[in-house]
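Reviewing the structure listed below.
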Amino acid sequence: MNKFMNYVCRPLVLIGALNWGLVGAFNFNLVAVLFGTGVFARIIYLLVGLSALCLIYMAMRNISKNKD
(Lines give C-alpha, C1' and ligand atoms only; values in the text may rest on other atoms or scores of the structure.)
Protein backbone atom coordinates (compact mmCIF):
# COMPACT_ATOMS: atom_id res chain seq x y z
CA MET A 1 0.00 0.00 0.00
CA ASN A 2 2.89 2.38 0.65
CA LYS A 3 4.13 2.04 -2.93
CA PHE A 4 0.63 2.85 -4.18
CA MET A 5 0.56 5.95 -1.97
CA ASN A 6 3.98 7.12 -3.10
CA TYR A 7 3.38 6.68 -6.81
CA VAL A 8 -0.32 7.51 -7.19
CA CYS A 9 -1.97 9.17 -4.21
CA ARG A 10 0.65 11.71 -3.20
CA PRO A 11 1.25 13.13 -6.71
CA LEU A 12 -2.50 13.39 -7.33
CA VAL A 13 -3.05 15.23 -4.05
CA LEU A 14 -0.15 17.57 -4.84
CA ILE A 15 -1.60 18.28 -8.29
CA GLY A 16 -4.97 18.99 -6.71
CA ALA A 17 -3.42 21.30 -4.13
CA LEU A 18 -1.51 23.20 -6.79
CA ASN A 19 -4.66 23.53 -8.86
CA TRP A 20 -6.58 24.95 -5.90
CA GLY A 21 -3.70 27.33 -5.20
CA LEU A 22 -3.88 28.58 -8.78
CA VAL A 23 -7.66 28.96 -8.52
CA GLY A 24 -7.36 30.91 -5.28
CA ALA A 25 -4.49 33.15 -6.33
CA PHE A 26 -5.22 33.78 -10.00
CA ASN A 27 -8.70 32.36 -10.69
CA PHE A 28 -6.97 29.95 -13.08
CA ASN A 29 -8.15 26.33 -13.15
CA LEU A 30 -5.38 24.29 -14.77
CA VAL A 31 -7.44 21.08 -14.89
CA ALA A 32 -10.22 22.85 -16.78
CA VAL A 33 -7.71 24.40 -19.18
CA LEU A 34 -6.00 21.08 -19.90
CA PHE A 35 -9.01 18.77 -19.95
CA GLY A 36 -12.06 20.99 -20.35
CA THR A 37 -15.05 20.94 -18.04
CA GLY A 38 -16.49 17.61 -19.12
CA VAL A 39 -16.45 14.09 -17.80
CA PHE A 40 -12.68 13.67 -17.99
CA ALA A 41 -12.09 16.67 -15.70
CA ARG A 42 -14.66 15.29 -13.25
CA ILE A 43 -12.81 11.96 -13.23
CA ILE A 44 -9.57 13.77 -12.40
CA TYR A 45 -11.28 15.65 -9.55
CA LEU A 46 -12.71 12.35 -8.28
CA LEU A 47 -9.28 10.68 -8.37
CA VAL A 48 -7.73 13.59 -6.48
CA GLY A 49 -10.44 13.38 -3.82
CA LEU A 50 -10.12 9.61 -3.46
CA SER A 51 -6.36 9.99 -3.19
CA ALA A 52 -6.80 12.50 -0.39
CA LEU A 53 -9.10 10.07 1.45
CA CYS A 54 -6.50 7.34 1.00
CA LEU A 55 -3.79 9.54 2.50
CA ILE A 56 -6.04 10.51 5.41
CA TYR A 57 -6.78 6.85 6.10
CA MET A 58 -3.09 5.94 6.02
CA ALA A 59 -2.20 8.85 8.31
CA MET A 60 -4.87 7.83 10.83
CA ARG A 61 -3.70 4.24 10.67
CA ASN A 62 -0.12 5.34 11.37
CA ILE A 63 -1.27 7.50 14.28
CA SER A 64 -3.15 4.62 15.86
CA LYS A 65 -0.13 2.31 15.42
CA ASN A 66 2.12 4.82 17.16
CA LYS A 67 -0.24 5.09 20.17
CA ASP A 68 0.03 1.37 20.94
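The values are calculated or read from the model by the stated rules, or taken from the named source; none is laboratory data. Just so it is clear, the structure is predicted and the values come from calculations on it, not from any experiment. Note that each Cβ is placed from the backbone with ideal geometry, even for glycine, and that neighbours are counted across all protein chains shown.
Table: residues versus (1) without any contact (Cβ under 8 Å) to a residue 24 or more places away in the chain; (2) among the β-branched types (Val, Ile, Thr).
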{"site": "7", "(1), (2)": "yes, no"}
{"site": "13", "(1), (2)": "no, yes"}
{"site": "22", "(1), (2)": "yes, no"}
{"site": "41", "(1), (2)": "yes, no"}
{"site": "44", "(1), (2)": "yes, yes"}
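Conditions tested, residue by residue: (1) surrounded by 11 or more Cβ atoms within 10 Å (Cβ to Cβ); (2) over 17 Å from the mean Cα position of the chain (by Cα); (3) closer than 16 Å to residue 11 by Cβ; (4) at pLDDT below 95.
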site	(1), (2), (3), (4)
27	no, yes, no, no
46	no, no, yes, no
54	yes, no, yes, yes
58	yes, no, yes, yes
64	no, yes, no, yes
67	no, yes, no, yes
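Residue by residue through region 16-31, note down the ones that are part of a helix (DSSP H, G or I) and in contact with a helix residue (DSSP H, G or I) (Cβ under 6 Å, 6 or more places away or on another chain).
Taking region 16-31 first, the residues part of a helix (DSSP H, G or I) are 16-26, 30-31.
Those that are part of a helix (DSSP H, G or I) and in contact with a helix residue (DSSP H, G or I) (Cβ under 6 Å, 6 or more places away or on another chain): 16, 19, 22, 30, 31.
Assess whether residue 25 counts as being of a type in the set (Gly, Ala, Ser) and in contact with a Gly (Cβ under 8 Å, 6 or more places away or on another chain).
Numbers: of a type in the set (Gly, Ala, Ser): yes; in contact with a Gly (Cβ under 8 Å, 6 or more places away or on another chain): no.
Judged against the criteria, residue 25 is not a match.
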